[in-house]
Amino acid sequence: MNLHGIWAIYRFEMARFGRTIWTSLATPVITTTLYFIVFGSAIGSQMKNIGDVPYGAFIVPGLMLLTIFSESVFNASLGIYMPKFTGTIYELLSAPLSAVETVIGYVGAAATKSMVIGLVIFATAHLFVDLHVAHPLLMLFYLLLVAASFSLFGFCLGIWANGFEQLQIIPLLVITPLTFLGGAFYSLSVLPEPWRTVSLFNPIAYLINGFRWTFFGISDVDVLACVAVTAGFGALCLAAVVTIFHTGWRLKS
């Protein structure tokens, strides 16, 4: 295992994050504050508790994952797309690094960035609601699993994209709508049929409910199914990355 090579990629990607760290951290703080003003105070004051959980606290896991999804995909896709765009991808491919080591460097950095921003949102939420995590270690593990899975997805997206516009297509037209329809700010139990059943075919709903269970011990779907869907999505993205490096698809052309 070429640890020096992995560290070089990781450090390079984190340095890019460090150059814009104040903007990167200020944005989720401002966005979280606005969400709590609108959803937590204005709308939440008119809603009953969901189970034993106040609505303001209930939306925190969904709010965290909404940002984690977009940040993981953006950072990982941009990280691998820029070498393609500048033509330095061939230097990376000719370096004494295996596909696994390259992916660990890029995906590890992207997952780290998104987890930092997610934890900043978590800390900001404490300013607005009384928030207690039922399973803190499982929460961190689940957060890492989601961040790594979507970073792998973003890595695939960055290789697939032929332009900066294509980097935004999937996050804007697929991931964000599915997140809002996946129960990020509401319980699936309040949906009438057949929409509740339709929501069960949304994989994002399982990720959100699994993460919410680590906070409050409640979930609209079976927790094991949530873990299986999350791990399965990560495994699928990992298999796609392995196939890309094995075939050289859009890497060597």
(request) Could you name every one of the helices (runs of 4 or more DSSP H) located completely within the range 130-183 that has at least 2 residues being free of Cβ contacts under 8 Å to residues at least 40 places away in the same chain, within 28 Å of Ile218 (Cα to Cα) and out of contact with any Lys or Arg (no Cβ under 6 Å at 6 or more places or on another chain)? (result) 136-160, 176-180
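Can you name every one of the helices (runs of 4 or more DSSP H) wholly within the range 35-122 that holds 1 or more residues which are at pLDDT 90 or above? Working first, answer last.
Details: elements: 55-58, 60-86, 89-94.
Counting at least 1 such residues, we get 55-58, 60-86.
Which one is farthest from Ser149 (Cα to Cα) among residues in the range 182-229 that are among the hydroxyl-bearing types (Ser, Thr, Tyr) and under 17 Å from the mean Cα position of the chain (by Cα)? Spell out how you get there, then give the answer.
The initial filter retains those residues of the range 182-229 that are among the hydroxyl-bearing types (Ser, Thr, Tyr), namely 186-187, 189, 197, 199, 206, 214, 219.
After this cut, where a residue has to be under 17 Å from the mean Cα position of the chain (by Cα) as well, the list is 206, 214.
Working: Tyr206: 14, Thr214: 18 Å.
Checking each candidate, the answer is Thr214.
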(request) Determine whether Leu251 is surrounded by fewer than 18 Cβ atoms within 10 Å (Cβ to Cβ) and in a loop (DSSP other than H, G, I, E, B). (result) yes
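Within the range 158-166, does at least one residue satisfy the condition of being surrounded by 16 or more Cβ atoms within 10 Å (Cβ to Cβ), farther than 22 Å from Gly62 by Cβ, under 20 Å from the mean Cα position of the chain (by Cα) and not aliphatic (A, V, I, L, M)? Before you say what the answer is, go through the steps one by one.
Narrowing the range 158-166 to residues surrounded by 16 or more Cβ atoms within 10 Å (Cβ to Cβ): 158-161.
Okay, now just the ones that are also farther than 22 Å from Gly62 by Cβ, so 158-161.
Keeping just the survivors that are under 20 Å from the mean Cα position of the chain (by Cα) gives 158-161.
With not aliphatic (A, V, I, L, M) added as a condition, the list becomes 158, 160.
Yes, some residue in the range 158-166 is surrounded by 16 or more Cβ atoms within 10 Å (Cβ to Cβ), farther than 22 Å from Gly62 by Cβ, under 20 Å from the mean Cα position of the chain (by Cα) and not aliphatic (A, V, I, L, M).
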(request) Select from the range 228-248 the residues that are β-branched (Val, Ile, Thr) and surrounded by 18 or more Cβ atoms within 10 Å (Cβ to Cβ) and write down the one among them that is farthest from Ser189 (Cα to Cα). (result) Ile244
(request) Would you be able to tell me the number of residues in the range 187-237 that are in a loop (DSSP other than H, G, I, E, B) and either touching a residue at least 24 places away in the same chain (Cβ under 8 Å) or over 21 Å from His132 (Cβ atoms) (or both)? (result) 13
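Condition (residue is among the aliphatic types (A, V, I, L, M), over 28 Å from Ser98 (Cα atoms) and crowded, with 18+ Cβ neighbours inside 10 Å) applied to the range 210-219: is it met by at least one residue?
From the range 210-219, those among the aliphatic types (A, V, I, L, M) are 218; that's our starting set.
Applying the additional criterion that residues be over 28 Å from Ser98 (Cα atoms) yields 218.
Narrowing the set further to residues that are crowded, with 18+ Cβ neighbours inside 10 Å leaves none.
No - not one qualifying residue is present in the range 210-219.
Would you confirm whether or not the range 63-79 contains a residue that is touching a helix residue (DSSP H, G or I) at 6+ places or on another chain (Cβ under 9 Å), acidic (Asp, Glu) and surrounded by fewer than 24 Cβ atoms within 10 Å (Cβ to Cβ)?
Going through the range 63-79, the residues touching a helix residue (DSSP H, G or I) at 6+ places or on another chain (Cβ under 9 Å) turn out to be 63-79.
Then drop every residue that is not acidic (Asp, Glu), which leaves 71.
After this cut, where a residue has to be surrounded by fewer than 24 Cβ atoms within 10 Å (Cβ to Cβ) as well, the list is none.
So far as the range 63-79 goes, no, none of its residues is touching a helix residue (DSSP H, G or I) at 6+ places or on another chain (Cβ under 9 Å), acidic (Asp, Glu) and surrounded by fewer than 24 Cβ atoms within 10 Å (Cβ to Cβ).
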(request) Only residues in the range 5-19 that are closer than 11 Å to Lys113 by Cα count as the first member; pair them with residues that are among the polar types (S, T, N, Q), Cβ under 7 angstrom, at least 6 apart or cross-chain, and list the lot. (result) Met14/Thr112; Phe17/Ser24
(message) One residue is enough: does the range 95-105 have a residue meeting the conditions surrounded by fewer than 18 Cβ atoms within 10 Å (Cβ to Cβ) and within 24 Å of Thr176 (Cβ to Cβ)?
(response) no
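The values are calculated or read from the model by the stated rules, or taken from the named source; none is laboratory data. Remember, it's a predicted structure, so these values are computed and weren't measured experimentally. Because the Cβ atoms are built from the backbone with ideal geometry, glycine has one as well, and the counts that use them run over all protein chains shown.
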